[in-house]
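For reference, the structure discussed in these notes is given below.
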């Protein structure tokens, strides 16, 4: 009798397990990936950010070139007119040249740091915006996870959403003021 009761219980468990509705069973994960570097490089906002940085870099380079030209002029003046100057005038010109060289070196360091900070800020802004687009698309399409493709050992090309993310990101930024 005890065996019959156990068999009935096992049969009931088996029927319940087999007949569990689809909504109660865990969903099959829907996974995709993107190449985030490609999105940043090819999206309109990414291109605009890079172009803005290039313009700023060119402006900084002009400033550095002007300082270097000034240094070259002072050096040439000291070389040409130095022998004709008094020792005191030659010393003063030499000190002026050294001060200007230190100033130019500091300026170059400051501009490099400023440019690096601007690059980091622009990258973070673009990546934050891309993350928002990825999150929106993941929710709209029911993805369980979307990974950065650089970290995957294998992924089917059909799971690559990179181009779709670029289109969505560009569409989101149409008419926005590019920073």
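Every read-out reported here was derived from the displayed coordinates using simple, explicitly stated rules and does not represent laboratory data. Quantities reported herein were computed from a predicted structural model and do not represent experimental measurements. Backbone-built Cβ (ideal geometry, glycine too); neighbour counts: all protein chains shown.
Overview of values
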quantity	calculated
FRET efficiency, 1/(1 + (r/R0)^6) with R0 45 Å, evaluated for residue 135 and residue 68 via beta carbons	0.45
Debye equation applied to the C-alpha atoms of the stretch 26-172, log10 I(q)/I(0) at 0.09, 0.16 Å⁻¹	-0.51, -0.89
The stretch 50-94: mean projected area of Cα convex hull, nm²	3.3 nm²
In nm, spacing of pseudo-spin labels at residue 88 and residue 155 (7 Å Cα→C-beta vector)	7.4 nm
Cα centroid separation - the stretch 30-69 against the stretch 140-160, whole Å	26 Å
Relative packing of peptides 90-96, 36-42 - highest average C-beta neighbours within 10 Å first	36-42, 90-96
